[in-house]
1. Read phi for every residue in the range B:407-421 and hand back ³J(HN,Hα) as whole Hz from Karplus 6.51 cos²θ - 1.76 cosθ + 1.60, θ = phi - 60°, with x for Gly and Pro.
2. For peptide B:593-606, compute the average count of partner chain beta-carbon atoms within 10 Å of each residue's beta-carbon.
3. Estimate the FRET efficiency between B:T439 and A:T257 by the formula 1/(1 + (r/R0)^6), using the beta-carbon distance for r and 56 Å for R0, to the nearest 0.05.
4. Using modelled backbone amide H atoms (1.01 Å from N, in-plane), which distant-in-sequence or interchain residues come within less than 5 Å of B:Y634's amide H?
5. Residue by residue through A:246-252, how many Cβ atoms from other chains fall within 10 Å of the Cβ on average?
6. How far apart, in nanometres, would the label points at B:K624 and B:R320 be if each is projected 7 angstrom from Cα along the Cα-to-Cβ direction?
7. So what are the ³J(HN,Hα) numbers for the range B:545-562, from phi and the Karplus equation (6.51, -1.76, 1.60; θ = phi - 60°), rounded to whole Hz, Gly and Pro as x?
8. Can you flag which of A:K377/B:K624; B:K452/B:K512; A:K231/B:K624 are past 29 Å Cα-Cα?
Amino acid sequence: MPDTQALVNDFLNKLKKRKIEGSQATAKQTAELLRSVISQTRMPYTNQAAALIHSVKAVGERLIAANPVELAVGNVVRRVLHIVREEDLSLTTAAMAGLNLSAESDDEDDTDRDNHPALSAAAIAAASRSTLRPPSLQTLLEDVPDSAAVPHTSSSGGDSEGKSKSADKSSRSRKLKHDVIEAVNELIQDISTCHELIAEQAVEHIHQNEVILTLGSSRTVLEFLCAAKEKKRSFRVFVAEGAPRYQGHLLAKELVTRGLQTTLITDSAVFAMISRVNMVIVGAHAVMANGGVIAPVGLNMVALAAQKHAVPFVVLAGSHKLCPLYPHHPEVLLNELRSPSELLDFGEFSDCLDFGSGIGAPLLHVVNPTFDYVPPKLVSLFITDTGGHNPSYMYRLIADYYSADDLVLERRTTSGN
Amino acid sequence: MNPNPNIDFSHLCFLLFLQKSTKFFERQLSMDARRMSRAVPRVRQVGFFTPNTPAQQPQPQSAAPSSESPPLSDSPASNSLSPVMIPPPRHLSDNLGGRTAAVPVPGREISGELPTVGSYNPSESVLWLDSPPRSRIGDEELSEGAESSLGWYRRSDSAKFASSLPSGGFNLSTAKHPESVAAVEAKNPLPEQSEVQKEQASSSKPLKAKTTKAERRALQESQRAAKAASRAEANKSGTPGGAPSSKPMKQPPQKKDGPPVASSIAASERIGVDRSVEKERKKDLPPPRKQFDDESRGGRAKRRSVLNQPEARNRVELFRHLPPHKNGTQLPSLESKFFELHEKHPAVYKVGLQYLAGDLSGGNARCIAMLQAFQEAIRDYSTPPEKTLTRDLTSKIGGFVSFLIECRPLSMSMGNAIRFLKSRIARLPLTLSESEAKTTLCSDIDRFINEKIVLADKVILRHAATKIRDGDVLLTYGSSCVVEMILLYAHELGKQFRVVVVDSHPMLEGQKLLRRLVVKGLSCTYTQLNAISYVMHKVTRVFLGASSIFSNGTVYSTVGTASVAMVAHAFRVPVLVCCEAYKFHERVQLDSICFNELGDPDAISKVPGRVDVNYLDNLTDKQKENLELLNLKYDATPSDYISVIVTDYGMIPPTSVPVIVREYRKEYLLI
């Protein structure tokens, strides 16, 4: 499959060079890439799910390593793995129930599976549910440490798989791949429509004559505000410009084009203005499992100011931004330093940047981080495409999207190093 | 003449009188306190506008509404005023205050000597404590020292940026308008005055005739011409009292709605008593600030202004009460007016232009430049015939001040300095010859600059340097000259530390600070305000400058300072605010919106050195309609974020600011 390999390498390069802007674009492209990887994967005769998972993981690890800060890549890889596991499980369950496969060829969703007709096989259904729900004691106990080798299979699953394979192999092998690709397509669809789903909720949160503050630019926020505007709510927006990228200018321009009353303020005036603001609505880069937010730089300051003035701090995040990891020292470890040229003119300061003081260390450092970490206690509400949630609930929400086996993807690479 | 002996005497008399007048007052109070208080503005007006008003009160200050006039009750001279000259109460309810204060008697012999003083109401001076001028020993060295170290405050490299630096600047303009108007009018026959003059001339007219605006304006025009002519004549011939000296006729703002009523002398006397009581009680209260959108001042200020007010295009709704930014584009028009504005001394004019162009920025630099310009103006000053230096010079200074305010709103510290200067002028002994008086004033100014700024900074350096240890990481925001001096001083002491310079658009003055620090060999980290949470982990101390500190502990400083202090507080990093005590002010403020200064809104859409940021360049008219750009210059940092304030009186907690303000004010009279 030289074709896929080229695609993967191309995408890796883009990630490494940070050519892809925004987590939504990244997520979408990752999903598309993984879809083609899946479609190109040669299915072995047995244990097809494991083969799929293996190939997706192999690519996923490289993608994550290419840009470890862009958590959306990891999220999508985990989502795809989860999809593979679920599809496999649903097929297994169906086979075990002894129902004919053709009847459920279109069933891919969790919801569908939950009211699956195969409830007669109660024991197996229960077993399958236990594998579906990651934090169950049974899975934790029975799972093999290196889950990559034996993909989803807990003991009961393995048994059932063996039996089902003997039942009708040929149809299953086609079916699994087909179902997985269908599901990935749906994931891509979800990622690209998450704005609308979030924006639909705008009227529930924005009232007449509201004053809203935001910082930097986020497409989600733009859609959210515009949705409220379309519903004839009249309100006022303060946009902090978000130095050093000044994306706020862009957002302000978009907002005024759509007829919203917009005031562009400097980042330094946020504290002065926040006392007159009713709500802070911002986009996020990623949402961690503890409810903390990796957000564009400057938002921690805004969140602190909002807390000081008891202004609700609302974070909009599509589900592809939900990351199942718990952050450790995220300000540094999940951050990225951009070029100093955004802050200082090299021409003016070139002499300071390199002349050393005796010991050879440069006198001048320029720090230009990309992200801020907003701890969960500063966030009032998350609005995702599935509705509004408390920061404390995020870990549970995340459990719906990822399987526990995939949380640590880099295990092999770290052990290899 | 040393007024000292008089103090004791007058105090004695004051006390005696207090007892008597209290009874009197109480009786009056029980009679009809309410109506009396209602009547206040009217009575006052009558005092001003009866056709019999003696012509020998030619000073504008005397009649200036002077809502901020400090109490004068134990200054004998002022007590000899006729009661109508005492400024009106600010709040009617205050008339019911329990205390009474002195009225005239004791000071007679002084007022005999100074017949003119009576009509002078030094509305800006802090004069209730009468004290002898300090000896001027050591002036020479002091001023020498001042000259040498002033270089600090003037930075040549700021010319590039039209925006001015943040660490200075508090808009006193609004508060001062009544006085400055008066002062301007002393020289320039300007609308309000001629209006009054007109009224006086046609005294058959009711006082506040319901003339339409247009009518009045037309009259003003003609009056202005007539007035100019007559003034020229007066200056030449030197007629006593000055021909056009209807200046005391300037109407108090209250007049606007109060219908003229004739009233008895008795009534006015009674109210005079009340007023002095009130003044006594309120001497610690700052005057209410007049806001830009105040109806009663708007029209007048506009007519008077030298500069064109910029269009109110896209003004931010929340800040309509603040004057819009006047940017350097007005420079040529102002320059062309140079010969019209012959009243302005060239030195003052130059400083004004520098303010306008943003070449001169930083609270201390602006204050020093202003004082030195005044100094020069005083040196070149000669009292016009038939005028007294005290009064004429005060009004002249007032004119300068209002000119400077037009160029850029004054900072709190400058207001304090002007207050000092005016009090010095007002309390010049009359026995001094003109040249002596001028020398005295010049050395007073030198002493102020030296003691309150230069030496104060040296003291602050010493204090602050004790808080810097080896291995520290110090963070500073923007560019404060005191903080810069502290850093350099600590570096000279050989302390090993690292400096984090935090900057923010659109001022970007941190870059200039960074440049100066790096050249001196300090190791620095540069970042922008948004990254403050990222760098704060490593920081051990935060040093901030301030434009002013209010008596509720609020630090009024460059916009963004509050955010820095807040983040530092959240990360448990101590915040040290370094500020000279002359910048302290007795006002209080809770937010950054009620009072602030607006910068150039267009500065926001451009980022120097970043061509890629051009999103706002080509907006259609419809887009512009919805877009407002807000460029705030200052913000108010709540006192709970401040660990300590380093000032020339030592290191104090923010709760002690009112104490310093009180103590400091006393001392500053003695300077």
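1. 6, 7, x, 6, 8, 4, 5, 5, x, 4, 5, 5, 4, 4, 4
2. Across the residues of B:593-606, the mean count of other-chain Cβ atoms within 10 Å is 2.
3. About 0.30, to the nearest 0.05.
4. For B:Y634, whose amide H was placed from the backbone, the distant partners under 5 Å are B:V559, B:E597.
5. Mean partner shielding for this stretch: 5.
6. Placing both labels 7 Å along Cα→Cβ, they lie 2.1 nm apart.
7. With coefficients 6.51, -1.76 and 1.60, one gets x, 8, 7, 7, 10, 8, 6, 8, x, 5, 9, 9, 8, 2, 4, x, 4, 4 Hz.
8. Beyond 29 Å: A:K377/B:K624.
Quick note: the coordinates plus some simple rules give every number you see, no bench work behind them. The shown structure was predicted, so the numbers you read here are calculated from the model rather than taken from an experiment. Here Cβ is always computed from backbone atoms with ideal geometry, including for glycine, and neighbour counts include all displayed protein chains.
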